[in-house]
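Asker: One structure follows; several queries about it will come next.
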Amino acid sequence: MNILVCIKQVPDDSVEVSVGADGKPAIDGITPVVNAFDTYSLEMAARLKESLNDGSEITALCVGPESAKNSLKNCLAVGADYAYLVKCDEVNDMDAMGIAEILKGAVEKLAAGKGKFDLIFTGKEATDMPLGQTGICLADKLGEAVITNIIDIKAEDGTVVAKHETEEGYRVIEAAVPAVLTVSKPEYDPRYPTIKNKMAARRKPIEELNLSELANAGSYAARIQKIAEYEPPKREAGIKIKEETDEDSAMKAIQMMADAKVI
């Protein structure tokens with residue numbers, strides 16, 4: 001099975017980000033990492049490859065700056081066999097449709113040399129801009145089936161069977177390949193690279209795809225403009241209620257909510 005995993009490099013989401021004086025997120029100095037949901041999709045793809053044990057291959061693809069090669073090296077250390085970068089410094093100024101257009105061109109370019117991809121994995125959303133649309137837009141542009149927010153997958157006889165996460169649990173959905181899959185957080189965590197795999201990944205090349213050969217500038221120009229960005233309001237300190245009895249505390253809490261017209 002020929003598998004493609006699309007990743008995005010984002011600022012480390014474990015670091016609190018504030019808005020600077022220029023009105024933009026102050027991310028200088030924050031270590032760039034692979035988007036968390038993309039690490040889940042790569043791990044799911046790697047587990048699928050291992051379960052098939054049929055010579056399947058995984059290709060990692062990123063649209064981003066030169067520094068994204070470090071993130072692609074990490075992908076090579078935890079399951080990817082090949083890695084490609086579409087160098088684009090303006091990726092954060094694009095919208096989902098524009099990025100999907102570039103990815104479409106990259107998919108077609110790679111397929112011409114490597115064969116058509118059976119499955120294309122993406123994270124369900126990016127942690128720096130959680131819109132959750134790029135994978136769906138890519139499927140639409142490719143004219144392929146899409147299953148969103150999956151937490152598990154099996155493949156057999158030219159089809160994939162995936163668990164689509166819902167608020168109540170999950171649905172089991174079957175689709176014919178080729179298909180695009182957007183991945184939520186499964187029950188397992190991404191694997192850590194071993195020293196041996198890290199060393200091997202350093203020796204593997206990161207191939208570059210020329211952006212101008214994949215799409216013309218007008219096709220990926222942003223259709224949506226970002227007007228401004230704001231920090232979420234700080235959470236206010238809570239109120240402690242400590243009456244003589246639990247019943248009195250509960251009654252006081254109810255009275256306070258009634259006074260605030262919450263109930």
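The values are calculated or read from the model by the stated rules, or taken from the named source; none is laboratory data. None of these values were measured; they are calculated from a predicted model. Using ideal geometry, Cβ is built from the backbone for each residue, glycine included, and neighbour counts are taken over all protein chains shown. All accessible areas refer to the heavy atoms of the entire protein, side chains included, with ligands and DNA or RNA removed. Shrake-Rupley method; radii C 1.70, N 1.55, O 1.52, S 1.80 Å.
Asker: Most fluctuating residue of MET94, MET129, MET251 in a GNM of the chain with Cα springs under 10 Å: which is it?
Answerer: Looking only at MET94, MET129, MET251, the largest GNM fluctuation is found for MET251.
Asker: Of ALA222, ILE195, THR182, which is farthest towards the positive pole of the stretch 179-222's charge dipole, taken about the Cα centre with +1 and -1 on the beta-carbons of Lys, Arg and Asp, Glu respectively?
Answerer: Of the listed residues, the answer is ILE195.
Asker: Rounded to the nearest 5, what is the percent of antiparallel bridges among the DSSP beta bridges in the stretch 88-241?
Answerer: Numbers: 13 of 22 bridges.
The antiparallel fraction comes to roughly 60 percent.
Asker: If you average the sequence gap of Cα pairs under 8 Å that are 6 or more apart and divide by the length of the stretch 68-146, what percent do you get for the contact order?
Answerer: Values: 44 pairs, mean separation 21.0, N = 79.
Answer for the stretch 68-146 is 27 percent.
Asker: Please report the net charge: other residues with Cβ closer than 11 Å to the Cβ of VAL172, K and R +1, D and E -1. Provide the component values of the computation, followed by the final result.
Answerer: On the way: positive: LYS154, LYS163, ARG171; negative: ASP152, GLU174.
Overall, the nearby charge balance is +1.
Asker: Just the ratio, please: alpha-carbon radius of gyration of the stretch 153-209 over 2.2 N^0.38 Å, N its number of residues. Please report the intermediate quantities before stating the final value.
Answerer: On the way: Rg = 16.6 Å, N = 57, 2.2 N^0.38 = 10.2 Å.
Computed over Cα atoms of the stretch 153-209, the ratio equals 1.62.
Asker: For the chain, max minus min Cα coordinate along each principal axis, in Å, sorted largest first?
Answerer: 74, 46, 40
Asker: Using Cα-only point scatterers and the Debye equation, what is log10 of I(q)/I(0) for the stretch 62-124 at each q in 0.17, 0.18, 0.23 Å⁻¹, rounded to two decimals?
Answerer: Log10 of I(q)/I(0), two decimals: -0.66, -0.75, -1.19.
Asker: For the stretch 1-130, give me the percentage of DSSP beta bridges that are antiparallel, rounded to the nearest 5 percent. Kindly include the intermediate steps, with their values, before the conclusion.
Answerer: Details: 4 of 20 bridges.
Once the DSSP bridges in the stretch 1-130 are tallied, antiparallel ones form about 20 percent.
Asker: Just to confirm the filter: which GluC sites (Glu not before Pro) across the stretch 200-263 are DSSP coil and have at most 12 other Cβ within 10 angstrom of their Cβ?
Answerer: Those satisfying the criteria are GLU229, GLU236, GLU243, GLU244.
Asker: Hey, another quick one. How large is the accessible surface per residue of the stretch 1-64, computed with a 1.4 Å probe and reported in Å² as a whole number? Working shown, then result.
Answerer: On the way: 2840 Å² over 64 residues.
Counting only protein heavy atoms, the per-residue value for the stretch 1-64 is 44 Å².
Asker: Just how large is the dipole of the stretch 34-163 about the Cα centre, in debye to the nearest 20, putting +1 at every Lys and Arg Cβ and -1 at every Asp and Glu Cβ? Before the final figure, lay out each step's value.
Answerer: Details: 13 positive and 21 negative charges, 44 e Å.
Roughly 220 debye, rounded to the nearest 20.
Asker: Here's something else I'd like to know. What dipole magnitude, in Debye to the nearest 20, does the stretch 1-95 give about its Cα centre under +1 on Lys/Arg Cβ and -1 on Asp/Glu Cβ?
Answerer: Computed about the Cα centre, the dipole is about 260 debye.
Asker: Among DSSP beta bridges whose residues both lie in the chain, state the antiparallel percentage, nearest 5.
Answerer: 40
Asker: Take every Cα pair under 8 Å in the stretch 118-263 that's 6+ residues apart, average their separations, divide by the length, and report that relative contact order as a whole percent.
Answerer: Details: 144 pairs, mean separation 27.7, N = 146.
Over the stretch 118-263, the number comes to 19 percent.
Asker: Also: Above 21 angstrom, tally the Cα pairs of the stretch 115-219 and express them as a % of all pairs, no decimals.
Answerer: Values: 2829 of 5460 pairs.
Tail of the P(r) past 21 Å holds 52 percent of the pairs.
Asker: Determine the gain in length on full extension of the stretch ASP12-ASN92; use 0.36 nm per residue of separation and subtract their C-alpha separation, reporting nm with one decimal. Intermediate values should be presented prior to the final figure.
Answerer: Values: separation 80, 0.36 × 80 = 28.80 nm, distance 1.52 nm.
Contour length minus Cα-Cα distance gives 27.3 nm.
Asker: Could I ask something else about it? Need the C-alpha centroid separation for the stretch 71-95 versus the stretch 27-57, integer Å.
Answerer: Measuring centre to centre over Cα atoms gives 11 Å.
Asker: Another question about this same structure. Under unit Cβ charges (Lys, Arg +1; Asp, Glu -1), what dipole magnitude, rounded to 20 debye, does the chain have relative to its Cα centre? Walk me through the numbers before you get to the answer.
Answerer: Details: 31 positive and 44 negative charges, 188 e Å.
The dipole of the chain has a size of about 900 debye.
Asker: Normalising by the residue count of the chain, find the relative contact order in percent from Cα pairs under 8 Å and 6+ residues apart.
Answerer: With pairs under 8 Å counted, the relative contact order is 23 percent.
Asker: Just want the answer: with Cβ charges of +1 for Lys and Arg and -1 for Asp and Glu, which residue in GLY169, TYR84, GLY113 is farthest toward the dipole's positive end in the chain?
Answerer: After comparing all options, I get GLY113.
Asker: Here is a follow-up. Could you tell me whether the stretch 1-82 comes out rounded, prolate or oblate from its Cα gyration tensor? Rule is a ≥ b ≥ c as square roots of the eigenvalues, rounded for a/c under 1.5, then prolate if a/b exceeds b/c, otherwise oblate. Don't jump to the answer; show the numbers that get you there.
Answerer: Numbers: a/c = 3.50, a/b = 2.65, b/c = 1.32.
The shape class here is prolate.
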